[in-house]
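*Asks:* Quick one: this structure, given as structure tokens, is what I'll be asking you about.
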Amino acid sequence: MSRAEVRAASACPSEARFDEAYQHARRPRGFSRTVEAMICAGAPVWLLGAVERDTDGTGGVARMRPPLVSSVDPRALCRSKIALLGLGAAGILGTLIGCSALALATGACLHHLASRPGRRK
């Protein structure tokens, strides 16, 4: 399912409906709504849920109650988010190391400690 299809399915039907939702959304409780989007036949989907086996012994078909039906592979999405998180953490650590190295190379930390008012030399 493309972003355009999701955007079209979740679009507000009218300005009057938006104004009504906006009044509720400003409150602490907020506003909730259900968005339904049709997935075309033959499109790949991923299901995550619990399989319920037949317990009465009649040999019936097992059922699955999926709490998640996705048109996007959730594993690939999670992998990309984890990679972004790792790059962000590495960038923060690199910035901290660079700032510390710069401060130690210029002697800014030592100069600040030595020039405190009221400190004996």
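*Asks:* Tell me, which residue of segment 47-62 that is open to solvent by 60 Å² or more (accessible area, probe 1.4 Å) and in contact with a Pro (Cβ under 7 Å, 6 or more places away or on another chain) is modelled with the lowest pLDDT?
*Replies:* So, considering only residues that are open to solvent by 60 Å² or more (accessible area, probe 1.4 Å) and in contact with a Pro (Cβ under 7 Å, 6 or more places away or on another chain), the one modelled with the lowest pLDDT is 48.
*Asks:* Is there a residue in segment 73-93 that is open to solvent by 70 Å² or more (accessible area, probe 1.4 Å), at pLDDT 80 or above and not in a helix (DSSP H, G or I)?
*Replies:* Looking through segment 73-93, none of the residues is open to solvent by 70 Å² or more (accessible area, probe 1.4 Å), at pLDDT 80 or above and not in a helix (DSSP H, G or I).
*Asks:* While we're on this one: Collect the residues in segment 23-46 that are of a type outside the set (Gly, Ala, Ser) and surrounded by 12 or more Cβ atoms within 10 Å (Cβ to Cβ), keeping them in residue-number order.
*Replies:* Correct list: 24, 31, 39, 45, 46.
*Asks:* If you don't mind, another one. Cβ-Cβ distance below 8 Å, separation of 6 or more or different chains: which pairs start in segment 1-21 with a residue that is assigned to a helix (DSSP H, G or I) and end on one that is open to solvent by 70 Å² or more (accessible area, probe 1.4 Å)?
*Replies:* 9/35; 9/36; 9/38; 10/35; 21/31; 21/33
*Asks:* Please state which of the following conditions residue 65 fails to meet, knowing it meets all the rest: (1) modelled with pLDDT under 80; (2) in a loop (DSSP other than H, G, I, E, B); (3) open to solvent by 100 Å² or more (accessible area, probe 1.4 Å).
*Replies:* For residue 65, the exception is condition (2).
The values are calculated or read from the model by the stated rules, or taken from the named source; none is laboratory data. Please read all numbers here as calculations on a predicted model, not as lab measurements. Backbone-built Cβ (ideal geometry, glycine too); neighbour counts: all protein chains shown. In case anyone asks, the SASA skips ligands and DNA or RNA and just uses the protein heavy atoms, side chains included. Shrake-Rupley method; radii C 1.70, N 1.55, O 1.52, S 1.80 Å.
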